[in-house]
Amino acid sequence: MYMTSTFTRFVGRLMRSQFLVGIGLACWLSSMSAYGQWLTPAPAPKAVNVTDRNGIDVAMKQGKFEDLRDIASQNLAPETHEYALAAYYRSIFDLRDSDTHLEKCLTIGRNMLDRNPVPVLLCGRMLAGNNYIRGDIRKWATTAANTRDAVTPVITQMVKTSNFVLPGISDVPLENYLQVPQMSPPPPSGKTVVIPRQGIAPEKSASLNAKAEDGVLQAKQFYVIGLQINDALVPVIFDTGASSTTLGEFTAKAAHIKDDALSFISVDNPFNGQNVQSHLGVVSTLIPGGRGFDDIRFRNFPLVISPDVKISAAGIDLFSKLGSLMIENTQIVIHPRSPPQCEEQLHVTSEPLGSVGILLNYVIDGKMEEILLDTGDNGFLSATASASVKGMSGPLSASRATFQEIEKVQYETTEVTIGMGQHARKVLIRYYPDRKAAVPYVMGLAALEDFDVFLDFDHGKACLIPH
């Protein structure tokens, strides 16, 4: 009762701010004795859940950069205004301007830290996430550790307990990463480089190559490319749905990568809720495309290594550093000689601590929708629980590749109209009612039979180009 009343006073003090923090303080009661007394073991640490009260985090997860711009134009407290602008620039993948507003937010937040730690926690967390997206692991760890050290004593004093964790900050061994060497990307050259798509992925691909029995279009194989990792040539899936380049433990050992023994990140599978524990590895030399592509050589490239991973993948952390890309069904063209006229804003869905996904806009059922580009998914188009569709069929099941295994997932089929004008057509898609996601639609690998995708990270543009 004392902890609850103290927490109530803590929340009441913060309600004057436009940020809010909450700590779950329910006790775990194990059993009742014969005398009617509760027996309570030592309580597990409670997670400090931090959010804002203006929908900034929600809009950032949805990739709604225009909503974030509108929020930032409202009459907000100074620290909230800076946080909204930082989220806006993050959502259009402008990390430099996002950093600028986060530093302003932190300056304001430090002046009120003793009475409200939330601005420092929120803005420090996102700043750490920006560094993680860049691949600057040392700066990520330093920023996260500074944020943890600044807010922990204040929160401890306010809630009268130290039995809590700050997810992604105080539950990560940050000190292990303060000496990680700085990643060095290839120098900008503007030279056109073509990375060919290879054959079927080497791990567990055979069961995924047949077309679905319900008629929903599936890709006949994964999008496999080569990476030269140190002296090893490694086939990996080109996966725009993965924030981080990820290798299985066996592949990492074959490439002579030394990983950290402690847990680095954990990833929740949205379909089955299983958790993948992963570690950090730093690659001395990484060359997308493999041998013969020395113009795009990375030094000290950080990636994720997991014993649970069955299929290695090259993620956004790698390809977002290459300037502009044309993703075609048979090849990836870096710095295409004749880039398309593309005026649509490149934008991303993201979590504050740094996971990101590329978003595209396309018309579905007469409405412009946000679509997550996921070339690691071998389907054409699928709908999540947040889409405004209804299933037409009864529950069906299918195989789906995850980092861990080939698993069975439940879905329904439905029909939608994609495109407009001469490009409009009806397609049968899968609807996953149990897949909780901020983005309503996911476009997978099979869509590359109908579209090319142009991503220009240098100028902030992204377009779907129908064939």
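Some notes on this structure:
- The calculated FRET efficiency for ARG291 paired with HIS459, based on their beta-carbon distance and R0 = 35 Å, is about 0.70.
- Neighbour-count order for HIS423, HIS279, fewest beta carbons within 10 angstrom listed first: HIS423, HIS279
- Sequence ranges 101-109, 183-191, 237-245, ranked by mean other-Cβ count within 10 angstrom, highest first: 237-245, 101-109, 183-191
- Two-site label geometry, GLU415 and GLU449: point separation in nm, points 7 Å out along Cα→Cβ: 1.9 nm
- Packing, as the average of other Cβ atoms within 10 Å across residues, places the peptides 45-54, 294-303 in the order 294-303, 45-54, highest first.
- Overall form of region 347-466 per C-alpha gyration tensor (a/c, 1.5; a/b vs b/c): oblate
- Gain in span if fully extended, VAL58 to LEU233, counting 0.36 nm per residue against the direct Cα distance: 59.0 nm
- The overall shape of region 418-467, judged from the alpha-carbon gyration tensor, is oblate: a/c is not under 1.5, and a/b is no greater than b/c.
- For peptides 347-358, 125-136, sequence by mean Cβ density within 10 Å, most packed first: 125-136, 347-358
- Each residue of region 307-320 is assigned a 3J(HN,Hα), and the resulting list reads x, 8, 6, 9, 10, 6, 9, 9, x, 4, 4, 7, 7, 6 Hz, derived from the Karplus form 6.51 cos²θ - 1.76 cosθ + 1.60 (θ = phi - 60°), x at Gly and Pro.
- Cα-based shape type of region 91-176, given that a ≥ b ≥ c are square roots of the gyration tensor eigenvalues and the cut on a/c is 1.5: oblate
Any read-out appearing in this document is the output of simple, stated calculations on the displayed coordinates, not a laboratory observation. Note that the structure is a prediction, hence the values are computed from the model and not measured. Positions of Cβ are backbone-derived with ideal geometry, glycine not excepted, and every protein chain shown enters the neighbour counts.
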